[in-house]
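These notes concern the structure reproduced below.
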Amino acid sequence: MELVAINGNKTFSQIMIGESLDNLRKYVVGRKLFIITDSNVERLYKNHFPLAPIYSFMAGEASKNLQTVMAIYRWLLKNDADRSSFIVGIGGGVVCDLAGFVASTFMRGIDFGFVATSLLAQVDASVGGKNGVDLDGFKNIIGTFNQPKFVICDISMLRTLPSSEFSSGMAEVVKHALIADKSKFELIEKNLGAIMSQDREMLEYLITRSVKIKASIVEADEHEKGLRRVLNLGHTWGHAVEKVSGISHGQAVSVGLAFSANLSLEKGLLSSPERDRLINLLKNLGLPTTTSANPKDVFDVILKDKKRENDSIYFVLMKGIGNVVVEKISFNEI
């Protein structure tokens, strides 16, 4: 098991890569536990949950809204939750976002942790303290910054992921390599077979490296005032594509990475061979690099992005592979 600590301004979070869901109970000893999960995870793993009240919602991004949050608040009150209670979200990115938001706002905030069951959650959604819900289809418009006490990344649970969801998680793994680790990018290129067959040693290395990259950035900028913006690589265009087209988050991020690569190429920051390497890698991972969505519709969504400032938006560009830069770009240029 690999341990990665995130030391925030007033918080401490421990990420445990390779730990098992079966050991969850020992991390919440003496706490009144409440479990939040979705219908898919409950069906597959309920027998592995510790004994505790369970709230399960319909799996999928459509559930990540204030209606679900209010239903969970009422469930917590009905089950006598108080400020000393502990919430654990067991699931993928949607579960982590929702459970973290509920815990951060219920009774002005109670402690929480995650068991991340998808690759996307293990390398991204569960790490870094961003919690939130969507509003009218706009991603994470309502949210908090608040760190989980712990995250369990149970690699064995990835075996029950649909192949498309595993590929979606790899989009975030590639993103971290593009931001800060050229050697990791090259390792992914050379080990596609082992990765797609879910070799445990390979996955543990990739997940650990992604978590360490994200942890170092989060520690330096917990509330996204500057450096942490680099983690939005592929997400500005990607989130908008996700809303318009309805494809999964990871697939949309892949399209967003391709868009960012093309914009970086046009601005002279990325070479054509580097752009082609990225596009080929994404395709080899089973990820899309283009969308049939109407660009005007995608652009209209970007106009409501959280990162907007007047007539510009902070956009992450690639300065070669393994290095990025954040630029304030006008909507006209986009």
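The values are calculated or read from the model by the stated rules, or taken from the named source; none is laboratory data. Predicted, not measured: the structure shown is a model, and the values here were computed from it. We place every Cβ from the backbone using ideal geometry, glycine too, and count neighbours over all the protein chains shown. Heavy atoms of the whole protein, side chains included, go into the accessibility calculation; ligands, DNA and RNA do not. Shrake-Rupley method; radii C 1.70, N 1.55, O 1.52, S 1.80 Å.
Taking the range 264-304 only, how many residues are of a type in the set (Lys, Arg) and part of a loop (DSSP other than H, G, I, E, B)?
Residues of the range 264-304 that are of a type in the set (Lys, Arg), as a first pass: 267, 275, 277, 283, 296, 304.
If we keep only those that are part of a loop (DSSP other than H, G, I, E, B) as well, we get 267, 304.
Result for the range 264-304: 2.
Scan the range 245-263 for residues that are in contact with a Ser or Thr (Cβ under 8 Å, 6 or more places away or on another chain), in a helix (DSSP H, G or I) and open to solvent by 10 Å² or more (accessible area, probe 1.4 Å) and the total you get is 3.
Within the range 78-87, being open to solvent by less than 10 Å² (accessible area, probe 1.4 Å) and not in a loop (DSSP other than H, G, I, E, B) holds for 86, 87.
Restricting the range 218-227 to residues that are part of a helix (DSSP H, G or I) and free of Cβ contacts under 8 Å to residues at least 24 places away in the same chain, which is least open to solvent (accessible area, probe 1.4 Å)?
Taking the range 218-227 first, the residues part of a helix (DSSP H, G or I) are 218-220, 227.
With free of Cβ contacts under 8 Å to residues at least 24 places away in the same chain added as a condition, the list becomes 220, 227.
On the way: 220: 73, 227: 89 Å².
Residue satisfying both the conditions and the ranking: 220.
Run down 310, 284, 280, 332 and say which single residue is surrounded by fewer than 18 Cβ atoms within 10 Å (Cβ to Cβ), without any contact (Cβ under 8 Å) to a residue 24 or more places away in the chain and either among the β-branched types (Val, Ile, Thr) or under 18 Å from residue 174 (Cβ atoms) (or both). Explain how you work it out, then say what you get.
On the way: 310 fails: either among the β-branched types (Val, Ile, Thr) or under 18 Å from residue 174 (Cβ atoms) (or both); 284 fails: without any contact (Cβ under 8 Å) to a residue 24 or more places away in the chain; 332 fails: either among the β-branched types (Val, Ile, Thr) or under 18 Å from residue 174 (Cβ atoms) (or both).
Testing whether each residue is surrounded by fewer than 18 Cβ atoms within 10 Å (Cβ to Cβ), without any contact (Cβ under 8 Å) to a residue 24 or more places away in the chain and either among the β-branched types (Val, Ile, Thr) or under 18 Å from residue 174 (Cβ atoms) (or both) leaves just 280.
Which ones in the range 57-89 are polar (S, T, N, Q) and either closer than 21 Å to residue 130 by Cα or at pLDDT below 95 (or both)?
The first filter runs over the range 57-89 and keeps only residues polar (S, T, N, Q), leaving 63, 65, 67-68, 79, 84-85.
If the condition is that a residue be polar (S, T, N, Q) and either closer than 21 Å to residue 130 by Cα or at pLDDT below 95 (or both), then 63, 65, 67, 68, 85 are the ones that fit.
Here residue 207 clears all of (1) out of contact with any Leu (no Cβ under 8 Å at 6 or more places or on another chain); (2) touching a residue at least 60 places away in the same chain (Cβ under 8 Å) except the condition numbered (1). If you go through the range 198-211 and keep only what is of a type in the set (Lys, Arg) and surrounded by fewer than 17 Cβ atoms within 10 Å (Cβ to Cβ), you end up with just 200. Taking the criterion of being open to solvent by 40 Å² or more (accessible area, probe 1.4 Å), small (Gly, Ala, Ser) and closer than 17 Å to residue 148 by Cβ, the only residue of the range 1-33 that qualifies is 5.
Only a single item in (1) touching a helix residue (DSSP H, G or I) at 6+ places or on another chain (Cβ under 8 Å); (2) modelled with pLDDT under 95; (3) not hydrophobic (A, V, I, L, M, F, W, C) is not met by residue 147, and it is number (1).
What are the residues in the range 34-77 that are surrounded by 14 or more Cβ atoms within 10 Å (Cβ to Cβ) and either assigned to a loop (DSSP other than H, G, I, E, B) or acidic (Asp, Glu) (or both), if any? 38, 42, 49, 50, 52, 53, 59, 61, 64, 65, listed by residue number. Among the residues of the range 305-319, those that are out of contact with any Lys or Arg (no Cβ under 8 Å at 6 or more places or on another chain) and either in a strand (DSSP E or B) or within 16 Å of residue 330 (Cβ to Cβ) (or both) comprise 305, 308, 310, 311, 318. Just one of the numbered conditions (1) in contact (Cβ under 8 Å) with a residue 40 or more places away in the chain; (2) in contact with a helix residue (DSSP H, G or I) (Cβ under 7 Å, 6 or more places away or on another chain); (3) aliphatic (A, V, I, L, M) is not true of residue 110: (1).
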